[in-house]
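Working notes for the structure below.
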Amino acid sequence: MRREKQDHHKYITFQKYKTNLKQLNLPAYSFRITGEERTGMIFDRLRKRWVKLTPEEWVRQNFIQYLIAEGGYPAGLIAVEMPFRYNTMKRRADIVVHDRQGKPVMIVECKSCEIQITDNEVYDQVSNYNREFNVPYIIVTNGLVHLAFKINPETGKPEFLNVIPLYTELLS
């Protein structure tokens with residue numbers, strides 16, 4: 001474990017996992033974390049700022065690193081907590097992946113480990129979000145279970161995928 005002193009005299013710990021954070025069904029990644037679980041902060045490399053370390057944020061940060069490291073997704077084409085309007089309400093999509101022309105091609109909805117993602121409520125939420133983005137790929141994850149779907153362009157219905165697609169597969 002390495003420590004680095006910041007100007008504001010807080011110590012930032014670099015480590016694979018803090019013992020009180022749930023280990024996920026993803027490879028282990030290293031994060032900059034400070035403080036304790038539920039009151040701590042994690043550095044978001046894409047937004048380039050510290051964010052509150054909630055159970056959902058833990059899943060989001062790990063899944064982003066999975067997409068980049070394992071799926072070949074360019075970090076610059078991933079939007080985190082992308083704002084949009086659904087009906088008249090302001091919403092945020094957890095992760096939106098874009099193609100090289102800037103068009104959204106995938107939405108990822110992240111939930112805390114305690115949330116069962118088999119619930120229709122979770123899938124309905126991301127389906128409603130997709131009415132705004134109209135992407136061909138949707139993933140729902142709680143860090144333990146990952147469900148990936150491709151929207152059939154002819155029927156508009158989701159088709160379950162056995163694997164999370166690589167970035168190059170999104171573009172073909």
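None of the figures in this text is laboratory data; all of them are computed from the coordinates on show. Because the structure is predicted, anything quoted here is derived from the model rather than measured. Reconstructed Cβ throughout: ideal geometry from the backbone, glycine too, with neighbour counts over all protein chains shown.
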Where in the range 119-160 are there GluC sites (Glu not before Pro) that are in a DSSP coil and have at most 16 other Cβ atoms within 10 angstrom of their Cβ? Glu154
State whether the range 49-145 is rounded, prolate or oblate according to the following rule on the C-alpha gyration tensor (a ≥ b ≥ c being the square roots of its eigenvalues): a/c under 1.5 gives rounded; otherwise a/b larger than b/c gives prolate, and the remaining case gives oblate. rounded
Add +1 for every Lys or Arg and -1 for every Asp or Glu among the other residues with Cβ under 11 Å from the Cβ of Tyr86, and state the total. +4
Scan the range 83-156 for trypsin sites (Lys or Arg not before Pro) in coil per DSSP, keeping those whose Cβ has at most 16 other Cβ atoms within 10 Å, and list them by number. Arg100
Which trypsin sites (Lys or Arg not before Pro) in the range 23-78 pass both tests, a DSSP loop state and at most 16 other beta-carbon atoms within 10 Å? Arg38, Arg45, Arg47, Lys48
Residue separation times 0.36 nm, minus the C-alpha to C-alpha distance between Lys48 and Gln125: what's the value? 25.0 nm
Contour minus Cα-Cα distance for Glu70 and Tyr86 (0.36 nm per residue): 2.6 nm
Enter the Cα centre distance for the pair the range 103-172 and the range 55-83, rounded to the nearest angstrom. 14 Å
